[in-house]
Amino acid sequence: MSVHNPDIKRVTTHVIQELKNKGEKISALTAYDFSMARIVDAAGVEIILVGDSASNVMAGHETTLPITLDQMIYHAQSVVRAVKRALVVVDLPFGSYQGNSSEALRSAIRIMKESGAHAVKMEGGLEIRESIIRVLSAGVPVMGHLGLTPQSIYKFGTYTVRAKEEAEAQKLIDDARMLEEIGCFSVVLEKIPATLTRQVSQSLTIPTIGIGAGPDADGQILVLHDLLGITKDFKPRFLRRYADLHSVMTDAIGNYVDDVKGRSFPNENEAY
């Protein structure tokens, strides 16, 4: 049973900040379509991320890199139509903001105007500072993302834990402080040591949202299909499966096939 606050009629960036100020944990999940987003929103999640992970779980790509801006807008439109309460954040996809602040601004404005989303998320620190500033200058809220940044997977060459060494940890701390200083409303910390998450979360006034980053982030996010057990092969240490919908769905569809083959569906009561 959800314990979300029914007094919050619409979650905004201000509400997210107030949750951190009060010491209340923030719940976040991904969603990519109308039906799933409606369920996630009704269950009381504060932030719904239309993640570029749609490239993996919806389109079957190996990485997040292939998904396009047009495809992200399509998914965002579907989610926004469903959501009545949660803050909807949309990933700027690979190639739509890195290295060109004007391109970043055009991409962010397209997402906001064409989908009706409430904020965008951008991966990286100092290297994309100018792009983030340009997007923020247009009044678009930005969520940062540090640690393991999947859009840079070919640079890293691995999905292992990031920032275990002192130099990379210090860069992450510096980048997090920079993101706060230029005006990001929150920052995702992905797959970094729990002690580093605690240090960053305590040093920032803006909320941190963790994934594979330990219990001390101000909030947590998971990919919906992983949480529900729809995906089976992805088994990272940080993932807790709250259901096994893969088995439930497989059994249901198998029973349907059996009933059709056995001529028991539809029966008299299911016919006109």
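Just a few scattered comments:
- Among residues of the stretch 79-106, those that are assigned to a helix (DSSP H, G or I) and over 15 Å from the mean Cα position of the chain (by Cα), counted: 8
- On inspection, residue 195 does not qualify as β-branched (Val, Ile, Thr), out of contact with any Pro (no Cβ under 9 Å at 6 or more places or on another chain) and assigned to a loop (DSSP other than H, G, I, E, B).
- A count restricted to the stretch 133-166 and to residues that are modelled with pLDDT of 90 or more, of a type in the set (S, T, N, Q) and touching an Asp or Glu at 6+ places or on another chain (Cβ under 6 Å) stands at 1.
- Test: residue in the stretch 237-248 that is open to solvent by 80 Å² or more (accessible area, probe 1.4 Å) and aliphatic (A, V, I, L, M): yes
- Boolean, residue 130 is more than 21 Å from the chain's Cα centre (by Cα) and at pLDDT 95 or above: yes
- Look at (1) within 24 Å of residue 125 (Cβ to Cβ); (2) among the aliphatic types (A, V, I, L, M); (3) open to solvent by 50 Å² or more (accessible area, probe 1.4 Å) and you find that residue 105 fails only one, number (3).
- Residue count for the stretch 167-198 satisfying the condition of being of a type in the set (S, T, N, Q), open to solvent by 10 Å² or more (accessible area, probe 1.4 Å) and either over 15 Å from residue 148 (Cα atoms) or at pLDDT below 95 (or both): 1.
- Selection status of residue 80, under 15 Å from residue 222 (Cα atoms) and modelled with pLDDT of 95 or more: no
- Subset of the stretch 135-150 that is in a helix (DSSP H, G or I) and not hydroxyl-bearing (Ser, Thr, Tyr) - its residue that is surrounded by the fewest Cβ atoms within 10 Å (Cβ to Cβ): 136
- Condition met for residue 54 (open to solvent by less than 50 Å² (accessible area, probe 1.4 Å), within 19 Å of residue 152 (Cα to Cα) and among the hydrophobic types (A, V, I, L, M, F, W, C)): yes
- Filtering the stretch 83-102 to residues that are touching a strand residue (DSSP E or B) at 6+ places or on another chain (Cβ under 9 Å) and either open to solvent by less than 10 Å² (accessible area, probe 1.4 Å) or closer than 21 Å to residue 43 by Cβ (or both) leaves 83, 86, 87, 88, 89, 90, 91, 92, 97.
- Scanning the stretch 14-40 for residues that are part of a helix (DSSP H, G or I) and closer than 21 Å to residue 222 by Cβ gives 15, 16, 19, 20, 34, 35, 36, 37, 38, 39, 40.
- Unmet criterion (only one of (1) more than 20 Å from residue 25 (Cβ to Cβ); (2) without any contact (Cβ under 8 Å) to a residue 24 or more places away in the chain; (3) assigned to a loop (DSSP other than H, G, I, E, B)) for residue 250: (3)
- When each of 128, 153, 132 is tested for being under 22 Å from residue 207 (Cα atoms), in contact (Cβ under 8 Å) with a residue 40 or more places away in the chain and not in a loop (DSSP other than H, G, I, E, B), the lone residue that passes is 132.
- Residue identified as assigned to a loop (DSSP other than H, G, I, E, B), farther than 30 Å from residue 202 by Cα and either among the basic types (Lys, Arg) or open to solvent by less than 60 Å² (accessible area, probe 1.4 Å) (or both) among 67, 8: 67
The values are calculated or read from the model by the stated rules, or taken from the named source; none is laboratory data. Because the structure is a prediction, the values reported are computed rather than measured. Note: ideal-geometry Cβ built from the backbone for every residue, glycine included; neighbour counts use all protein chains shown. We work out accessible area using only protein heavy atoms, side chains counted, and drop any ligands, DNA or RNA first. Shrake-Rupley method; radii C 1.70, N 1.55, O 1.52, S 1.80 Å.
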